[in-house]
1. Within the range 172-201, restricting attention to residues that are of a type in the set (Gly, Ala, Ser) and under 19 Å from Lys140 (Cα atoms), which residue is modelled with the highest pLDDT?
2. Return the only residue of Lys170, Lys140, Lys159, Lys144 being basic (Lys, Arg), open to solvent by 60 Å² or more (accessible area, probe 1.4 Å) and under 17 Å from Lys188 (Cβ atoms).
3. Of all residues in the range 110-141, how many are more than 20 Å from Val95 (Cα to Cα) and either of a type in the set (A, V, I, L, M, F, W, C) or at pLDDT 90 or above (or both)?
4. Scan the range 151-171 for residues that are within 20 Å of Lys140 (Cβ to Cβ), of a type outside the set (D, E, K, R) and either assigned to a helix (DSSP H, G or I) or touching a residue at least 24 places away in the same chain (Cβ under 8 Å) (or both) and jot them down.
5. What number of residues within the range 88-97 satisfy the criterion of being open to solvent by less than 50 Å² (accessible area, probe 1.4 Å) and either at pLDDT 95 or above or farther than 19 Å from Gly127 by Cα (or both)?
6. Identify the residue in the range 63-87 that is among the hydrophobic types (A, V, I, L, M, F, W, C) and either part of a loop (DSSP other than H, G, I, E, B) or open to solvent by 60 Å² or more (accessible area, probe 1.4 Å) (or both) and, among all such residues, is nearest to Gly183 (Cα to Cα).
7. Identify, please: which residue in the range 42-62 is in contact with an Asp or Glu (Cβ under 7 Å, 6 or more places away or on another chain) and open to solvent by 60 Å² or more (accessible area, probe 1.4 Å) and is, among those, farthest from Asn99 (Cα to Cα)?
8. Inspect the range 123-131 for any residue being open to solvent by 30 Å² or more (accessible area, probe 1.4 Å) and farther than 22 Å from Val104 by Cβ and give the result as yes or no.
Amino acid sequence: EAQKRRGAAPAATASSRSYSPTKKRRINDSADTTASKETVHEAALLPKLTKKNYKISPSLAALSTFSEADLAAVPRFFVSRPGYGQIQWEGAVDVRGVNLDEVVVIEMREVSVYEDIPDDGIKPRVGEKLNAPAVITLEKVYPKGLGPGVAAAEDVVRKFIKKLEKISVKMGAEHLYYDKAGGIWTFKVPHFSRYGLVVSGSDEKDDGVQETVKENP
């Protein structure tokens, strides 16, 4: 009778009966696995760059915070190799999963994108991925026999600039400017293959400058 007056103890609910530390661990393990898969998936979306002395902007650290939609349209993306040159893409480009180690090469007085790709690789169509309009800057580009700290006569510089303009036209590029003090040549390209120049000490009439062969897009 006293128990009735005090009221019976509440019966255990279904949820309290079914709860167990083991079940909680299973839920947590499942969440950890899902998070791990998401991390791997996100890492696969990032561009790859391990080559020494190459730099990109935004940095890999910054890109790791981007969503997939953001990685598909990165504005002002550029790859540089100090002392050699850089490539600055115009507009926004899709960098998802791009292996920069393989597709972007910046050498002395020339650059290439999607030229040295694996045999089973497929070059993106014009306008896709990094096969898009860009501004290229090449360093240490001087008239034959000249270099840093060597002053060139104005007529020599003018002739050299004319040569660079001619090379730009042959490559299907647009000459932008030439900085004689730093030997920096800047030009714009509509898509990518291989661009730049090589120096030949035996070509007097061309000031020792020859354009590289540009492959089909």
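1. Restricting to residues being of a type in the set (Gly, Ala, Ser) and under 19 Å from Lys140 (Cα atoms), the top hit is Gly183.
2. Lys170
3. Selection size over the range 110-141: 6.
4. Within the range 151-171, Ala152, Val156, Val157, Phe160, Ile161, Leu164, Ile167, Ser168, Met171 meet the criteria.
5. Total meeting the criteria: 4.
6. Phe77
7. The selected residue is Thr50.
8. No: zero hits.
The values are calculated or read from the model by the stated rules, or taken from the named source; none is laboratory data. Everything numeric here is computed off the predicted structure, so don't read it as measured data. All Cβ positions, glycine included, derive from the backbone under ideal geometry; neighbour counts span all protein chains shown. Calculation scope for accessible area: heavy atoms of the full protein, side chains included, ligands and nucleic acids excluded. Shrake-Rupley method; radii C 1.70, N 1.55, O 1.52, S 1.80 Å.
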